[in-house]
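The next block holds one structure in the form of structure tokens; read it before the comments.
The values are calculated or read from the model by the stated rules, or taken from the named source; none is laboratory data. Since this is a predicted model, take the numbers as computed values, not measurements. Positions of Cβ are backbone-derived with ideal geometry, glycine not excepted, and every protein chain shown enters the neighbour counts. Surface areas here come from the heavy atoms of the whole protein model, side chains and all, with no ligands, DNA or RNA. Shrake-Rupley method; radii C 1.70, N 1.55, O 1.52, S 1.80 Å.
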Amino acid sequence: MTDYSFLIDGPKAASITLVLAHGAGAPMDAPFMTTIAQGVAHAGVRVVRFEFPYMAAGRSSGKRRAPDREPILLQSWRDVIAKLGPPAKQVIGGKSMGGRIASMVADEAGVAGLVCLGYPFHPPGNPARARVKHLEKLRTPALIMQGTRDSFGLPDEIAQYKLSRKIRIAWIEDGDHSFKPRARSGRTEAQNLADAVSRICSFIAGLKSE
């Protein structure tokens, strides 16, 4: 098992741990990840961030690396879940690729929930290459937050998918793949990230009350 380094925010004694993985190009301490993690932790949830092997190696070498192959990414999630204790007390997910890979192991791991921050439903400009087959039968309660301008999955495209009833889609107004709005929208990036944090906290609170 890889020796993962974690960034941990929030109380150690929290009843739920939110575990977040980064997207393909930015590390676990990128501003987006930090804002989300610290915001949720402030609400009393323990938040753990980790990096896939390629990102950790790039941090050590100082050289940017391409993402690991899918089997390595999947096993990374399995290893991290096993290391952090009972899966039933974990909500897993993350930014883009990190959330997508989490969604592929959520059912088998038996985690309490799934949170995806900008799910890459398809490569930009190529909606025919949808990455949704496993989401049609997902059994894990899930929250997918998507900017209304996200080129990885726009509202009219996502409406055509036959997603599991366990999945709740929450739209971030005028947000791109990182929830950043246009200046003319009248909204700010800080507002959209705060909205995302609030929705995550509400989702986790709902899981704890079930």
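Figures for the structure shown
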| quantity | calculated |
| --- | --- |
| Loop trypsin sites (Lys or Arg not before Pro), segment 176-210 (other Cβ atoms within 10 Å of the site Cβ: 12 or fewer; DSSP) | Arg182 |
| Computed accessible area, Arg129, all protein chains, 1.4 angstrom probe, square angstrom | 140 Å² |
| Relative contact order (%) - segment 1-133, alpha-carbon pairs under 8 angstrom, separation at least six | 25 percent |
| 3J(HN,Hα) from dihedral phi, segment 120-128, Karplus parametrisation 6.51/-1.76/1.60, rounded to Hz, x for glycine, proline | x, 4, 7, x, x, x, 9, x, 5 |
| Under-5 Å amide H pairs with Phe179, H placed in peptide plane, nonlocal only | Gly147 |
| Lys pairs, segment 132-210 - Cα-Cα below 26 angstrom, 8 or more residues apart or on other chains | 6 |
| Long-range amide H partners of Leu18 with built H, under 5 Å | Arg46, Val47, Val48, Val91 |
| Rg ratio (alpha-carbon, reference 2.2 N^0.38 Å) - the chain | 0.95 |
| Check: the chain dipole with +1 on Lys, Arg Cβ and -1 on Asp, Glu Cβ, in debye | 160 debye |
| Dipole-positive endmost among Ser76, His22, Gly44 within segment 1-118 (Cβ charges, Cα centre) | His22 |
| Gap separating the Cα centres of segment 47-80 and segment 136-182, nearest whole Å | 24 Å |
| Mean separation of Cα contacts under 8 Å, 6 or more apart, over the residue count of segment 87-156: relative contact order % | 31 percent |
| Point-to-point label distance, Ala57-Tyr4, nm (Cα→Cβ direction, 7 Å offset) | 1.8 nm |
| Percent carbon-and-sulfur accessible area, segment 34-124, ignoring ligands, DNA and RNA, probe 1.4 Å | 53 percent |
| With all protein chains modelled, accessible area of Phe52 [1.4 Å, Å²] | 0 Å² |
| Share antiparallel - DSSP beta bridges, the chain, percent rounded to 5 | 10 percent |
| Of Gly62, Gly93, Gly85, the one that fluctuates the most in a GNM where the chain has Cα springs shorter than 10 Å | Gly62 |
| Accessible heavy-atom area order of Cys116, Cys201, highest first, probe of 1.4 Å | Cys201, Cys116 |
| Solvent-accessible surface (1.4 angstrom probe) belonging to Asp3, in square angstrom, nearest 10 | 130 Å² |
| Value of [θ]222 nm, deg cm²/dmol, for the chain, DSSP H segments ≥ 4, -39500 (n - 2.57) each, nearest 500 | -11000 deg cm²/dmol |
| Residue with peak Gaussian network fluctuation, the chain [Cα springs, cutoff 10 Å], from Ser151, Ser185, Ser15 | Ser185 |
| Candidates Ile101, Ile167, Ile72, ranked by Gaussian network fluctuation over the chain, Cα under 10 Å, top entry | Ile72 |
